[in-house]
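Coordinate-derived values only; no laboratory data. Predicted model, so just to flag it, every value in this text is computed and none were measured. Don't worry about glycine lacking a Cβ; one is built from the backbone with ideal geometry, like all the others, and counts go over all protein chains shown.
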Amino acid sequence: MDENRKRDWNRHLVLVPCPLQGHLNPMLSLASVFHSKGFGVTLVLVQSSSHPAATSWASDDFFYESLGGSDGSIPSAPDVDLMRFLNEVNLKCKSSFRDCLMGLRMGRLRDRKLCVVYDAIMYFSAEVSDELEIPRVVLRTSIVANFLGLSMLNQKAYLPAQEDGAVKAIQELIPSMRARDMPVFDKSCPEATERVLAQIHESTSTASAIVWNTLQTLEQALLHRLQSSLSPPIFPIGPLHKYRTRDPRRRHHSSLFAAETGARREEDRIKCVSFLDSHPPGSVVYVSTGSLVKLSRSELAEMARGLADCGQRFLWAVGLSSADDGGIAQLIPSGEELLCAAADCHPNAPSMRGLVVAWAPQEEVLAHGSVGCFWTHNGWNSTLESMTEGVPMLCWPWVGDQKIIAGFVTRVWRVGLELECDGNGGLERGRISRSIERLMAGEEGREIKKRALEMKETVELALSDGGCSSQSLSKLVDFIQLL
Ligand code: UDP
């Protein structure tokens, strides 16, 4: 038993993660924390075409349940538009979650006090818990500023529009925000977007408590403001991934991919680590745009040209969907021999300047001393992981919360800089290579690196005994016990 497991609580937590990689990872970390604190845990996994490898974590008082949709067909996220996916998951999972909870309550967990812990975007869990009178705690997996900003825009009926009035409204809250930092959503179905965002807001503001994957020290003023407008207590305990990496049995991410992809990921992992081992400290540009961004072939090609031109070493995780689309080497136009070679070359070849893989073990990569900067889409997990390791960011946000996160990274915390784009926001090889140079070699880059290292200390302090995240976690454990 983990040394932190002081008491065998009577409380059993039923955790409902969302089957998107950036949402699943923090919930699995939370499962690991709760289990180490002595709670029984059941993870309810939404059935989709792919399953997390985390089922191998099952052990003493740590269980799994699978949730099929009412017609057994829940889409796997990347194939459909995100808002449609969320709509479908929430509609299709509701009745099977009710059956699941009732089954647990009458069977295996009949003597235990239940509490549901759900990702805010799995709002069906809130409806079912309320029906069955089971207390519920919500997990928020993005920056507080995004939630506050969206709530404000919603109140003023600006959602999901990008109007002048909306920009002014958000500047009242966060003065440094500009029009281009505004959250971006798919415009094809504004009603669905509005409905989903309203439900997410409702399922957050009516929970018994809110667990936030952020740090008090990062977003103090906004957390304070939010707490004064919401009744559930907020527990900022992040960065969550650090709790999981402390537990050797659960150090590696769960993957949302099928078995053969898992084998390929392990192959990629070995390649990445030996590639990084063969290069000097701070010399490699790590590039990844997360699990959902889909790059066009021309964007991939322009990225490749920019990386080729900049002369720096690089490790590029192109993403499984891009990699599967005809093979990595073929993404690169003919003539870019350097990159084709990088994809095919053995990682130990000393002259190799770049390595292209489908999927990188990101936390391990960012913690590796050879990484000098991270070209990122600013998903919140990637951003937290980078700040935890003191790695400066080259920010290239896409949709949703990524723009506001990039705004904080570049203009509030100043631990990264914006990737220069052309007048239409498109990629251009010269601007890419100049941006990388500024961050890796210039005076500006050195200043950013200094602040990134200070940020790393801030995160370490928050997680240390008596630090703000540790204290918040202790209070959360006590709070849940009393529910
Ligand atoms: N990730 C990874 N390897 C990759 C790309 C991503 O391990 O090659 C992980 C990354 O560490 C992060 C998550 O996938 O924890 C992506 O979440 P994030 O919020 O950054 O972006 P999203 O995928 O949700 O857009």
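If you count, for each residue, the other Cβ atoms within 10 Å and average over each peptide, how do 138-151, 425-438 line up from highest to lowest?
Final packing ranking: 138-151, 425-438.
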Original post:
When ranked by the protection proxy of mean other Cβ atoms within 10 Å per residue, highest first, what sequence do the peptides 266-275, 403-412, 88-97 form?
Top reply: 403-412, 88-97, 266-275
Original post:
Say the cut-off is 30 Å between C-alpha atoms; which of 403/456; 94/242; 168/456; 37/92; 37/271 go over it?
Top reply: 94/242; 168/456; 37/92; 37/271
**OP:** Starting with the highest mean, order 207-218, 445-456, 300-311 by the number of other Cβ atoms within 10 Å, averaged over the residues of each peptide.
**Re:** 207-218, 300-311, 445-456
Original post:
Applying 1/(1 + (r/R0)^6) with R0 = 30 Å to the Cβ-Cβ distance of residue 457 and residue 173, what FRET efficiency is obtained, to the nearest 0.05?
Top reply: 0.60
**OP:** Name the shape class, rounded, prolate or oblate, that the alpha-carbon gyration tensor gives for region 363-483, where a ≥ b ≥ c are the square roots of its eigenvalues, rounded holds for a/c under 1.5, and otherwise prolate holds if a/b is larger than b/c and oblate otherwise.
**Re:** prolate
